1. Using helices alone, what [θ] at 222 nm do you get for the chain, with -39,500 (n - 2.57) per DSSP H run of 4 or more residues, divided over all residues and rounded to the nearest 500?
2. Could you list SER71, SER77, SER115 in order of exposure, starting from the residue whose Cβ has the fewest other Cβ atoms within 10 Å?
3. What are the residues whose amide H is under 5 Å from the amide H of VAL60, where those residues sit 5 or more places off or on another chain and H is modelled from the backbone?
4. Can you tally the net charge around VAL53? Count Lys and Arg as +1, Asp and Glu as -1, for every other residue whose Cβ sits under 11 Å from the Cβ of VAL53.
5. Calculate the FRET efficiency for LEU131 and LEU94 from the Cβ-Cβ distance with a Förster distance of 35 Å, rounded to the nearest 0.05.
6. So how far apart, in nm, are the two label points at HIS111 and PHE14 if each is 7 Å from Cα heading toward Cβ?
7. Whose amide H sits under 5 Å from the amide H of CYS123, counting only residues 5 or more places off or on another chain, with H placed in the peptide plane?
8. Placing unit charges on C-beta atoms (Lys and Arg positive, Asp and Glu negative, everything else neutral), compute the dipole magnitude of the chain about its Cα centre in debye, rounded to 20.
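Read-outs: derived from the displayed coordinates by stated rules, not from any lab. All figures in this text were calculated on a predicted structure; none of them were measured in a lab. Glycine also receives a Cβ, built like all others from the backbone with ideal geometry; neighbour counts cover every protein chain displayed.
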Amino acid sequence: MPFRPNNRIWSEAFELLAEAERLQRQCFRPVPAQTPTWEPPVDLIETRDAVLVTIALPDVAPERVEVHINSGQLMVSGVRPLPQHMQGARIHRLELPYGRFERRIPLPTGHYELSSHAMKHGCLQLNLRKL
């Protein structure tokens, strides 16, 4: 059945869809978050002398990442900002998360200190030396 603007039911349905789309754009636009909005995936490997941690943080600048060890937990937090060229753009698919992130990782029993860290290929690599 072809759409005819004078068909009242279809006209009202399309108006409701347009209103829903407007509300979605208004309510779901990216805004700065105060609380973490995502958790990055982590690999944790224990050796005899250390715990090696790899955290996937694509496009996150090292200066936007904080690392703390406290009460047997490793806490990694920071921000992955939405790139300038994406702001105001029509996004068709967005599977990589943006915004504040935080990951709390329980460590194996023991005491640790951060002995080295590096950002390689979009991953933060931490070496926690056993004390």
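1. Numbers: 1 runs with 20 residues, N = 131.
It comes out at -5500 deg cm²/dmol, rounded to the nearest 500.
2. Working: SER71 7, SER77 16, SER115 12.
Ordered from fewest to most neighbouring Cβ atoms within 10 Å, SER71, SER77, SER115 come out as SER71, SER115, SER77.
3. none
4. On the way: positive: ARG103; negative: ASP43, GLU46.
That works out to -1.
5. Numbers: r = 42 Å, r/R0 = 1.20.
My answer for the efficiency is 0.25.
6. Calculated label separation equals 7.3 nm.
7. LEU57
8. Working: 16 positive and 14 negative charges, 50 e Å.
Roughly 240 debye, rounded to the nearest 20.
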